[in-house]
Amino acid sequence: MARIIDCVKLGKKAEGLDEPPFPGEKGQEIYEKISSEAWQEWLDHQTMVINENRLTPFEPQAKKMLEQERNKFLFGDGADVPEGYVPPNEP
């Protein structure tokens, strides 16, 4: 049976993640407060941020930037779209 949480990103009750996305306090907070739908939205946004900014995710500076963007996206007012981003054409 799915675990239902009050998702702070979506502002509604939704299905939670099956497990914390990574170890530590922040992973646990995301597990408790972010739905699987909102987490997938973040993963899609994160991919766009990595690609548009040509980040190497394992570099310390890129990790820090992604952590800040993740916190803004999931718990803040939302993250910004990188400058010059052009969304792909939708069918």
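The values are calculated or read from the model by the stated rules, or taken from the named source; none is laboratory data. Fair warning: this is a prediction, and the values are worked out from it, not measured in the lab.
Details
- Filtering region 49-65 to residues that are modelled with pLDDT of 90 or more and assigned to a helix (DSSP H, G or I) leaves VAL49, ILE50, ASN51, PRO60, GLN61, ALA62, LYS63, LYS64, MET65.
- The residue that is farthest from GLN68 (Cα to Cα), counting only those in region 1-49 that are within 13 Å of the chain's Cα centre (by Cα) and among the basic types (Lys, Arg), is LYS33.
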